[in-house]
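Notes for the one structure printed next.
Each reported figure results from applying straightforward, stated rules to the coordinates on display, with no laboratory input. Just so it is clear, the model here is predicted, and its values are computed rather than measured. Positions of Cβ are generated from backbone atoms using ideal geometry, with glycine treated the same way; all protein chains shown enter the neighbour counts.
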There are 2 protein chains.
Amino acid sequence: MILTAKYAEIYDGQIKVLEEKFTNLLKDAKPDSLYDPCKYIITSGGKRLRPFLVLISAKAAGGDFAQAYNAAVAVELLHNFTLVHDDIMDKADLRRGRETVHVKYGLNPAILSGDNLVAIAYKNLILDCRINITEILNEFTCGLIEVCEGQSYDTDFETTDDVSIEQYLLMIRKKTAVMAEMCCKVGGLLATTDHSIVDALGNFGLNLGMAFQIQDDLLDIMADQEKFGKKVGGDLVEGKKTFLYIRALEKSEGTDREKLLEVTRNKGIDWNDVGFYRNLYIKLGVIEAAESEIKKYTEIALESLNKLPETEARHTLEWLANALIKRAK
Amino acid sequence: MILTAKYAEIYDGQIKVLEEKFTNLLKDAKPDSLYDPCKYIITSGGKRLRPFLVLISAKAAGGDFAQAYNAAVAVELLHNFTLVHDDIMDKADLRRGRETVHVKYGLNPAILSGDNLVAIAYKNLILDCRINITEILNEFTCGLIEVCEGQSYDTDFETTDDVSIEQYLLMIRKKTAVMAEMCCKVGGLLATTDHSIVDALGNFGLNLGMAFQIQDDLLDIMADQEKFGKKVGGDLVEGKKTFLYIRALEKSEGTDREKLLEVTRNKGIDWNDVGFYRNLYIKLGVIEAAESEIKKYTEIALESLNKLPETEARHTLEWLANALIKRAK
């Protein structure tokens, strides 16, 4: 218990450092029409998991935090770019309790500030590249390509009736997990030329990312409303094809199946019906199916850490993987 | 005259090679929802000036074409990304005589395929980085940042009454000229570590880009309709603040000034009034002012080539600068 507190302290301490960096970034950049939206999104908080993965991976690979801050900033800028553009595409009005960028500043500044965030991300990344330069840039770039592909698959799913679990897993792999993999690999590549270390870190990140996304799907329907921060059941209301929904459809028959098909047919359900579908998910056993899938990916992630030397940084990664399973939002 | 034909042949030959590369690029990439729009824009032709600048600059710096093709593809992909996103922002329906990407495929695929083009651009660029890696990536990245800033300034101008020539020149420098500078520097950096060569190439590109953009403004009102490929006078119809418009406003008084102010007040003019404004521009001497500005920038560009060894590649750059002044579209 005392040990756990220590790792949480390492995380909290680094988040503080990162927040200060995000506050000071782009301070005097002009024009305001471009940089105000950029500053608005990068100072809007969030868990800062991706930059933390870069930092702690660099340390786990034998480096230190100081040599990875610019790269950490870079991955968070890249993540924020995806948020800005995804929110446009999803027509989302709110993000982290605030207006989304396109709602606050308009479509054109949102598109352009997203583009600019990508460029500033690269600019920061390059600052930290001392060894493995082309590899680091390739990882970062391929991460960006896969995120675009994942987002396209996700959009395709809206108009596809029979999305399989395999297709779903490929989509979240590209849209979420590859980015976590990239963060861990970039952190490792900043600090070591030992590719077994880098690959172990990448494997950790990839599987952590898979677990994280399925946990996200699960929380959306099973979270404690008090702690969740947004309304429980949003995925069903939007008619999204989540892990739970696809598994439920596979397992259901008769009227249960009919009720599930209604979700996509009507492009979502009413908030009042969330409870009904939660009970249906429980009855069909897809809650346990999701929990077991999350456990499976988390175990693979933890196992791959065995290839790293036993350091405080490695234990922090273990703590992080376990903490994410238990998260409430 | 025979020599000129030789340089044109070098250009034509390389454009053919490039076109084949663009046709084969992304052939088996999935999903189609992401890559069809990408392939649509990159096979839509155009002058391919930017990739040619990379190739011929590499050669002028002592390298050869073969070591610069991926980087050449990269700058054209980056340029095409700006076209896709700019067309969304400008609500443009047509580009090179075809539907724009967002009109043909919709807003979301246009945003996302633009994003993806940036990533694929980096992926290609990295392939050619053997020396000066961080410098090349920095040039490319700063080029992208400045393009975003330039586009923001351009958008700001739509709602700014008193845009000065200095502000206009800063805008076209960022939006157009820096990209040409980047192409020449990247080409040089692929082939040499001699920074005096790289700087001379960059200076050539920057000034060529300035001349090119003012020439663009000039052609829009003075081009031969038969050869121009689109309707003459579009900038006035859209109410854009071009070099000619800003200079005309500075030089005008009384009713002339009133007529010019109407252009922005009414957010553009009627196609039928293009002739009137052309005559007004001629009367106010802004056609000559533009021509002299184009000449000035072209001369600076040509002068900076004197720092390069006298090779066929250098002469090709000279030919290109002179040919662009005389272009009809």
task = Using R₀ = 60 Å, calculate the FRET efficiency as 1/(1 + (r/R₀)^6) where r is the Cβ-Cβ separation of A:HIS195 and B:GLU288; round to 0.05.
result = 0.40
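Of all GluC sites (Glu not before Pro) in segment A:264-329, which ones are in loop regions per DSSP and have a Cβ with at most 11 other Cβ atoms within 10 Å?
Values: sites: A:GLU288, A:GLU291, A:GLU293, A:GLU299, A:GLU303, A:GLU310, A:GLU312, A:GLU318; in loops: A:GLU310.
Passing both the DSSP loop test and the Cβ count: A:GLU310.
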ask   = Mean Kyte-Doolittle of at least -0.5 and a Cα length of 18 Å or more along the axis: which whole DSSP H helices of chain B meet both?
value = B:2-24, B:69-89, B:107-128, B:133-158, B:178-191, B:195-222, B:286-304, B:312-325
Residue order, fewest to most surrounding Cβ atoms within 10 angstrom, among A:ARG327, B:ARG278, A:ARG48 = A:ARG327, B:ARG278, A:ARG48
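What does the helix-only formula give at 222 nm for the protein assembly as shown: each DSSP H stretch with n ≥ 4 adding -39500 (n - 2.57), the total divided by the residues, and the result rounded to the nearest 500 deg cm²/dmol? Could the numbers behind the result be given before it?
Details: 34 runs with 488 residues, N = 658.
Calculated mean residue ellipticity at 222 nm is -24000 deg cm²/dmol.
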query = Which residue, A:MET182, A:MET171, A:MET210, tops the fluctuation ranking in a GNM of chain A built on C-alpha contacts under 10 Å?
reply = A:MET171
ask   = Among B:TRP319, B:TRP271, which comes first, second and so on when ranked by fewest other beta-carbon atoms within 10 Å?
value = B:TRP271, B:TRP319
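What's the local net charge at A:ILE131, with K and R +1, D and E -1, over the other residues with C-beta under 15 Å away? Mind showing how you got there, number by number?
Working: positive: A:ARG130, A:LYS185; negative: A:ASP64, A:ASP128, A:GLU135, A:GLU139, A:ASP194.
The answer is -3.
Please identify every one of the trypsin sites (Lys or Arg not before Pro) in segment A:162-240 that sits in a loop by DSSP and has no more than 10 other beta carbons within 10 Å of its own beta carbon. Display every interim value, and only then the final one.
Values: sites: A:ARG173, A:LYS174, A:LYS175, A:LYS185, A:LYS227, A:LYS230, A:LYS231, A:LYS240; in loops: A:LYS230, A:LYS231, A:LYS240.
Loop-located and lightly packed - none at all.
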request  = Quickly work out the A:LEU302-to-B:ALA323 label distance, labels modelled 7 Å from Cα along the C-beta direction, and quote it in nm with one decimal.
outcome  = 6.6 nm
query = Between their Cα atoms, which of B:LYS175/B:LYS295; A:LYS47/A:LYS185; B:LYS227/B:LYS259; A:LYS27/A:LYS175 are more than 25 Å away from each other?
reply = B:LYS227/B:LYS259; A:LYS27/A:LYS175
note = For A:ASP156, inter-copy label-point distances (7 Å, Cα→Cβ), nm, shortest first, read 4.1
ask   = Inter-copy label distances at B:GLY239, 7 Å along the Cα→beta-carbon direction, one decimal in nm, shortest first?
value = 3.8
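With contacts defined as alpha carbon pairs under 8 Å and 6 or more residues apart, what's the relative contact order of chain B in percent? It would help to have the intermediate numbers written out before the result.
On the way: 450 pairs, mean separation 62.3, N = 329.
Reported as a whole number, the value is 19 percent.
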ask   = Relative to the other copies, what are the label-point distances for B:ALA66, with labels 7 Å from Cα along the C-beta vector, expressed in nm at one decimal and sorted shortest first?
value = 4.6
ask   = Once the principal axes of the Cα atoms of segment A:2-325 are found, what is the range along each, listed largest first in whole angstroms?
value = 60, 48, 36
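Mind checking the mean number of beta-carbon atoms from other chains within 10 Å of the Cβ atoms in A:117-123? Walk me through the numbers before you get to the answer.
On the way: counts 1, 9, 11, 4, 1, 9, 6.
Counting Cβ atoms of other protein chains within 10 Å of each residue's Cβ and averaging gives 6.
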Over the protein assembly as shown, volume per residue of the alpha carbon convex hull, in Å³ = 163 Å³
Gaussian network model of chain A, Cα within-10 Å springs - most flexible of A:PRO37, A:PRO309, A:PRO51 = A:PRO309
key: Within 10 Å of each Cβ in B:105-115, the average number of Cβ atoms from other chains   = 5
remark   = Stokes-Einstein, Kirkwood over Cα pairs, segment B:190-329, 37 °C, 0.692 mPa s; D in µm²/s equals 198 µm²/s
Spatial separation of Cα centroids for segment B:164-199 and segment B:221-286, in angstrom = 29 Å
note = Partner shielding of B:138-150, taken as the mean number of other chain Cβ atoms within 10 Å, equals 5
Paramagnetic label zone (point 7 Å from Cα along Cα-to-C-beta, B:ALA8; backbone N under 19 Å) in segment B:220-257 = B:224, B:226-229
